[in-house]
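Trainee: Handing you this structure, nothing more for now.
No lab work stands behind these numbers, since they all come straight from the coordinates. Bear in mind the structure is a predicted one, so any value in this text is a computation, not a measurement. Virtual Cβ from ideal backbone geometry, glycine too; neighbours counted across all protein chains shown.
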Amino acid sequence: MPAQILKVAPRPQPVTAAPLIRFAGVGLSFGRTEILRGIDLEIAAGEFVSVIGPSGCGKTTLLRLLAGLQKPSAGQVSMAGRPLRGPAPDIAVVFQDYANALLPWRTAAGNVALALEARGVPRPERAARIAELLQMVGLGAHAERFPAQMSGGMQQRLQIARCLAQDPSVLLMDEPFGALDAMTRHKLQDELRGIVRRTGVTAFFVTHDLEEAIYLGDRVIALAPHPGRIAHSFPVTLPPQRDQLSTREDPAFLALRRALFDFIQEASA
């Protein structure tokens, strides 16, 4: 059977040149240990940014700073021109540990409802929104299932649906597919890319998988370690319509994969 091509509409261009997210001279230290140094990064609204680097380079720490879960020791993280001083309702985080991120005593619908309750969405409006979100992530027929009755891939879809229920401007993901088998991971990559482009949400995606970083991203940020710092920013020049087979065979994909691999090898030496 021929591979299915992920067809997505072109992303609307931002109406302003101002970045949605800005890291300006951001550093983080714990005592004498410097974790991040001199992070300068701008991310446009609707952009999908993948972040790679060797273990210990500060990828997750960078995500936590953007989530407002940690405060920088130097510099500033801002969103829409305003400093981030803590967790924000329009920034949602998808964690790798989906099993512990979900409430086991709530059904799929109940887990999505949690975010709507927190936003103060009136009860009469919740059912339609829950159904829409579950349908979006391929769980429309599983609203009454509990997390324990779902596969790992289904649980991760549910966590994404709950995050989208926050109606976020920014979706942060820390190795969200790392614990899944290859076929499930590829399917969720396609679904995630489609969701991001349909909703226009800005995505910040941390991964160790170089091919995943390229396949999903509009740009790949490469961090060097000790302390963590931005070494390179690689634009992804692939067409927006991507396929798990043909895209990975594209010469541009292979060239970028080699560049990222060489970077990791050098940075890990």
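Trainee: For the chain, just list the percent of Cα-Cα distances falling in each 10 Å bin from zero outward, please.
Mentor: Percent of Cα pairs in each bin: 7, 29, 35, 23, 6, 0.
Trainee: Compare the Cα positions of Q265, A179, A224 along the charge dipole of the stretch 133-269 (+1 at Cβ of Lys, Arg; -1 at Cβ of Asp, Glu; about the Cα centre) and return the one farthest towards the positive end.
Mentor: A179
Trainee: Follow-up question, since we're still on this one. Any idea what the dipole of the stretch 102-167 comes to, in debye rounded to 20, about its Cα centre with Lys/Arg Cβ at +1 and Asp/Glu Cβ at -1? Numbers along the way, then the final one.
Mentor: Details: 8 positive and 5 negative charges, 18 e Å.
Dipole of the stretch 102-167, to the nearest 20 debye: 80 debye.
Trainee: Using θ = phi - 60° and the Karplus form 6.51 cos²θ - 1.76 cosθ + 1.60, what ³J(HN,Hα) does each residue of the stretch 224-238 get, whole Hz, x for Gly and Pro?
Mentor: The phi angles translate into 9, x, 6, x, x, 7, 6, 9, 8, 10, 9, x, 9, 9, 6 Hz.
Trainee: Can you sort K59, K71, K187 from fewest to most other Cβ atoms within 10 Å of each residue's own Cβ? It would help to have the intermediate numbers written out before the result.
Mentor: Values: K59 22, K71 13, K187 17.
If I rank by nearby Cβ atoms, fewest first, I get K71, K187, K59.
Trainee: Within 10 Å, count the other beta carbons around each residue, average over each peptide in 107-115, 247-255, 135-143, and list them highest first. Let's see the in-between values first.
Mentor: On the way: 107-115: 21.6, 247-255: 13.7, 135-143: 16.3.
Result, highest mean first: 107-115, 135-143, 247-255.
Trainee: Based on DSSP H runs of at least 4 residues, each adding -39500 (n - 2.57), what is the mean residue ellipticity at 222 nm of the chain after dividing by all its residues, to the nearest 500 deg cm²/dmol?
Mentor: Details: 9 runs with 99 residues, N = 269.
-11000 deg cm²/dmol, from helical runs alone.
Trainee: I've got another one for you. With unit charges on the beta carbons (Lys and Arg positive, Asp and Glu negative) and the dipole taken about the Cα centre of the chain, which residue among P83, V201, T237 sits farthest to the positive side?
Mentor: In the chain, that residue is P83.
Trainee: Would you mind getting the Kirkwood hydrodynamic radius of the stretch 78-175 from its Cα pairs, rounded to one decimal in Å? Don't skip to the end; give the middle numbers.
Mentor: On the way: mean 1/r = 0.0725 Å⁻¹.
Mean inverse Cα-Cα distance, inverted, gives 13.8 Å.
Trainee: Then there is this: Using a Gaussian network for the chain with springs between C-alpha atoms less than 10 Å apart, which of these wobbles most: D243, D167, D181?
Mentor: Highest fluctuation among the options: D181.
Trainee: Could I ask something else about it? Can you give me the long-range amide H partners of R242? Hydrogens built in the peptide plane at 1.01 Å from N, cutoff under 5 Å, separation of 5 or more residues or another chain.
Mentor: Hits under the 5 Å cutoff: L6.
Trainee: Can you tell me what the convex hull of the Cα atoms of the stretch 153-269 projects to on average, as an area in nm²? Before the final figure, lay out each step's value.
Mentor: Numbers: hull surface 31.2 nm².
If I average the Cα hull's projected area over directions, I get 7.8 nm².
Trainee: What translational diffusion coefficient, to the nearest whole µm²/s, does the stretch 207-269 have by Stokes-Einstein, given a Kirkwood radius computed over alpha-carbon pairs, a temperature of 4 °C and 1.567 mPa s viscosity?
Mentor: Numbers: Rh = 12.2 Å.
Result for D is 106 µm²/s.
Trainee: Sort V26, V121, V51 by Cβ crowding within 10 Å, fewest neighbours at the top. Mind showing how you got there, number by number?
Mentor: Values: V26 21, V121 16, V51 25.
Fewest-to-most ranking of V26, V121, V51: V121, V26, V51.
Trainee: Next up: Report, in debye and to the nearest 20, how large the dipole of the chain comes out about its Cα centre when Lys and Arg carry +1 and Asp and Glu carry -1 on their Cβ. Mind dumping the intermediate values first?
Mentor: On the way: 29 positive and 25 negative charges, 124 e Å.
My answer is approximately 600 debye.
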